[in-house]
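This report concerns only the one structure given below.
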Amino acid sequence: MLQTILLVAIIIVAISLTGVVLLQRSEGGALGMGGGPSGFMTARGAGNLLTKVTWVLAALLFGLTILLTVVGNMDRAAVSGIDADAVGSLATKPASSQPQQQPAQPQPAQPAKPAAPSLDDLEASVSAPAQAPTQQPAR
């Protein structure tokens, strides 16, 4: 709930900050107001006001984002992601009230057949012994 309120406040401040920055002139004229000092708000006064409002809104935006980060991380436990997965998987197993039975004696492992035949398999499959090629006398 607090995160939602902070997020809405951040959005409002960001939109306000954008509007205030867009109102300022790049030359520092502030709203493009000209004229003499007899007006309600002089160009210099408008520039100072917009500059101060910009600084206040920027500071408020940074403060709210840091506060949102702190509030968002308050729920987290001090457990790493890997440990949290291991703890979560252990917590989801149902606890049985009956004593567990001892597992049967493990069966001896059967030797697995190799993926490729070995030389011993090839020799056994050949019925007749291989004869060495005869060499012809050199001429």
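Quick notes on this one:
- Accessible surface of D75 - all protein chains present, 1.4 Å probe, nearest 10 Å²: 130
- For R25, the amide hydrogen comes within under 5 Å of the amide hydrogens of A30, L31, G32, counting only partners 5 or more places away or on other chains and with H modelled in the peptide plane.
- Listed residues R76, R25 arranged by accessible area, highest first, probe 1.4 Å: R76, R25
- Stretchable slack from T54 to I15, in nm (0.36 nm times residue separation minus alpha-carbon distance): 12.9 nm
- Probe 1.4 Å - accessible area at M74, Å² to nearest ten: 140
- Nearest-10 value in Å² for the accessible area of L119, using the 1.4 Å probe: 130
The values are calculated or read from the model by the stated rules, or taken from the named source; none is laboratory data. The structure displayed is predicted, hence computed values, not measured ones. The area values use the complete protein model at the heavy-atom level, side chains included, leaving out ligands, DNA and RNA. Shrake-Rupley method; radii C 1.70, N 1.55, O 1.52, S 1.80 Å.
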